[in-house]
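Below is one structure, written out as structure tokens; comments come after it.
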Amino acid sequence: MTPPRPFRRVLLHAAVLCVVLVAATVWAYRDIVTHEFLLFDDNEYVTEHPMIRRGLGSEAVVYVFTQPHHATWHPLTGLSHLLDVTLFGLSAPAHLAVNLAWHCANAALLFMLWWRLVGIWTVALWIAAAFALHPLHVESVAWVSERKDVLSTFFALAAIHTYVTWVRQPRELWWVATAVFFALGLLAKPMVVTLPLLLLLIDFWPLQRVPQTGSAWVRWWPLVREKTLLWVFALGAGVVTLAVQSARGAVEPLAASPVSYRLANALVAYALYLRDTVWPLGLAVFYPRGPLGWAEILVAAGLLAGISTVAWKTRRQAPWALVGWLWYLVCIAPVSGLLQAGDQARADRFTYLALTGIFLWAGGEARRWAAQRPFRVAIAGLAAVAVVAGWAMLTDFHLRHWKNTETLFRRALAVTRDNHVAHANLGAYLLRQGRTAEALVHLHEAVRLRPFDPLARLNLGVAAASQGNWEEAIQHYRSLLAVRPDHVSGNFNLALALLQVGQRSEARARLEAALRVDPQHAKARVVLGDLLQENEELEQAVHSYRQALAADPDLLPAHVQLARALERAGKIDEALEHYREATRLAPSDPRTWFNLAAALHDAGRTGPAREAFLQARAVAERTGDREVAERARQALGEP
């Protein structure tokens, strides 16, 4: 059936505005295609994660749905990363372009949602444009690890769309779609757990489903009860998230910081988000927690109380004020810090969906102020364009600091004080770049600010180990483990250092400690297998190597060591398979070819052995490995 002409005009109007909105967003984020993966979560989420690096496959899909990923269970986000790796490999610009595509889709969904809800395209466009171009949202787009933000928000907005349709056309299909989209949002990031509360807010306004008479219980209970399935989903997601984060040590115990401090920090954070909404200049990837003065706390509490009072008192003549304000408060509540996960005082990414409420309030007030007065309409329109354009330019400016790890954390150090996380991460990055002297400056500063900072202590140990100072490295690792005894990398690195000084018994205990926390730690499995093989425990060693390969099928040392163990156990054919796999993984390493050749020779397969020795010699001569070249020539009987 052909839609009526007015409806077709509306669709065309909406399509044109969405194209303009997306084009403006892409322009603001145009430099994202020159960015790199960060040595801050991106390595653990994607670039160094053995399962994600494999791309889509049955084992990888099962893994993301059954295992926590970086102290959080968000299988849909893991699936998204797997798809990206399959399509684009480890190309940071491509992964970031996907983030941007989701962000653009969210902006379009937000525009269509508020146009449907309030029926005023100018207000809807303001909300969507402010969302798309505000600098506080750069973190969610320019950080590959925050795929979970843009992905979960997409499904949350889709759920709200289908809910609105269900309210207006009460068919079971739309309710089922709402529940499915909500579930998908939770599987991407459990922060959207507040969605049922947001639906209650739009029930109040603009859907106006709350009766005007009767007690609060009588008016609200039917609306609460109809969302029972959504409450169940939200509760389940909350329980799973808390359990996973607690098991991985991501949730700070109450003894670490009192409830009074957490409440004060939450009040200040709410106020600072508002300041950064209006004046987003000193943004950083990490804001350290610190002491809070009474004046700071009282000003924040007074500001929030004052705004809440205004929103409540104007709820009848300006219901968008109360809805927008509560939307903001509710969205941030799960990450307000009352249940502290991580060491941040606040984070820009926490505002991704929350600021919609503030933009709604501002748009509604501007619309009321203009109120069919052409002169005021023009002023409001110009002001909105000017504000959004200013935010877009600041987004472009802030985006440049996300280009790589060094620019990101140098920016954080420039706009924050006593930022131990920025010093530690910048030091870790510089150490990987071989800039050890520069790295040590930042690592020591991180330790000065936070004596037991895990990342700083770990990398100070790595720096000492790289210089052969094993006792100093051991001291740093022990300092780390004194505070975080279950720290996986701390235990693993300490085991490596202990092996260097001959303390094999304790090294084995440390490897086992690491594997108790992270059974998928493939490198720890290999080193443990080496110790078992030294002790002639071949069967256990083979098992350990197989577990390593189950976690990371492309781990070269696991194939080489498993092949040696199998060869010693008399399982020649299986050993040869792993020697061949090693040559596939490292075709430019002459030692992998020599190992294969020697194993073939010992197995009496002279023809294939000779071919492998010839290959080993050729690769050795090409790479300048004289030792392997000479040994290959001797094996071939050449002078």
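The values are calculated or read from the model by the stated rules, or taken from the named source; none is laboratory data. The shown structure was predicted, so the numbers you read here are calculated from the model rather than taken from an experiment. Cβ placement follows ideal geometry from the backbone for every residue including glycine, while neighbour counts extend to all protein chains displayed. Surface accessibility is based on the protein's heavy atoms, side chains included, excluding ligands, DNA and RNA. Shrake-Rupley method; radii C 1.70, N 1.55, O 1.52, S 1.80 Å.
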For the chain, what is the calculated [θ] at 222 nm in deg cm²/dmol (nearest 500), taking -39500 (n - 2.57) for each run of four or more DSSP H residues and dividing by its residue count?
-> -23500 deg cm²/dmol
Restricting to Cα pairs under 8 Å and 6 or more apart, the percent relative contact order of segment 503-581 works out to 23 percent
What residues qualify as long-range amide H neighbours of Arg346, i.e. H under 5 Å apart, gap of 5 or more or another chain, H built at 1.01 Å from N?
-> Tyr287
Accessible surface, per residue, of the chain when the full set of protein chains is kept, probe 1.4 Å, Å² | 45 Å²
When every protein chain stays in place and a 1.4 Å probe is rolled, Phe233, Phe409 sorted by accessible area with the largest first are Phe233, Phe409
Distance from segment 251-318 to segment 393-420 (C-alpha centre basis), Å = 22 Å
Taking alpha-carbon centroids only, segment 15-69 lies from segment 547-592 a number of Å equal to 32 Å
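Output the peptides 424-436, 163-175 sorted from most to least packed, where packing is the average of other Cβ atoms within 10 Å over each peptide's residues.
For the peptides 424-436, 163-175, the packing ranking is 424-436, 163-175.
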From zero up to wherever the largest Cα-Cα distance of segment 421-474 sits, split into 10 Å bins and tell me the percent of pairs in each.
-> 32, 57, 11
Phi-based couplings in Hz for segment 16-22 (Karplus 6.51, -1.76, 1.60; Gly and Pro marked x) | 5, 5, 5, 5, 4, 4, 5
Phi-based couplings in Hz for segment 541-557 (Karplus 6.51, -1.76, 1.60; Gly and Pro marked x) | 5, 4, 4, 5, 5, 5, 5, 4, 6, 5, 7, 9, x, 9, 7, 4, x
Peptides 494-502, 270-278, 544-552, 379-387 ordered by average Cβ neighbours within 10 Å, highest first = 544-552, 494-502, 270-278, 379-387
Out of these labelled values of Cα extents along the principal axes in Å, (i) 80, 71, 45; (ii) 93, 61, 53; (iii) 98, 65, 45, which was calculated from the coordinates shown here?
-> (iii)
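Working with all protein chains in place, sort Arg400, Arg8 by solvent-accessible area computed with a 1.4 Å probe, largest first.
Ranking Arg400, Arg8 by accessible area, largest first, yields Arg400, Arg8.
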For the peptides 147-159, 563-575, what is the packing order when you average, over each peptide's residues, the other Cβ atoms within 10 Å and list the highest mean first?
-> 147-159, 563-575
What percent does the relative contact order of segment 298-440 come to when contacts are Cα pairs within less than 8 Å and at least six residues apart?
-> 14 percent
Number of Lys pairs in the chain closer than 27 Å at Cα, excluding neighbours under 8 places apart unless interchain, is 6
Enter the angle in degrees (range 0 to 90, nearest 10) between the Cα long axis of helix 522-534 and the first principal axis of the Cα atoms of the chain, meaning the one along which they spread out most.
-> 20 degrees
Hey, can you grab everything whose amide H is under 5 Å from the amide H of His69? Only 5+ residues off in sequence or another chain; H modelled, so Pro and N-termini drop out.
-> His74
Would you mind checking which residues have amide H under 5 Å from Trp205's amide H? H placed 1.01 Å from N; only 5 or more apart, or other chain.
-> none
Accessible area of Thr407, 1.4 Å probe, to the nearest 10 Å²?
-> 50 Å²
On the accessible surface of the chain, probed at 1.4 Å with all protein chains in place, carbon and sulfur together account for a percent value of 62 percent
With the charge dipole of the chain built from beta-carbon charges (+1 for Lys and Arg, -1 for Asp and Glu) about the Cα centre, the Cα from Ala609, Ala24, Val441 projecting farthest to the positive end belongs to Ala24
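Evaluated at 20 °C with a viscosity of 1.002 mPa s, what Stokes-Einstein diffusion coefficient in µm²/s does segment 57-154 have when Rh comes from the Kirkwood expression over alpha-carbon pairs?
It diffuses with D of about 146 µm²/s by this estimate.
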Förster-model FRET efficiency, 41 Å R0, Arg417 and Leu235, C-beta, rounded to 0.05 = 0.55
Kirkwood hydrodynamic radius over Cα pairs of segment 311-452, then Stokes diffusion coefficient at 10 °C and 1.306 mPa s, in µm²/s = 85 µm²/s
Computed over the chain, the relative contact order (Cα-Cα under 8 Å, seq sep at least six) in percent reads 10 percent
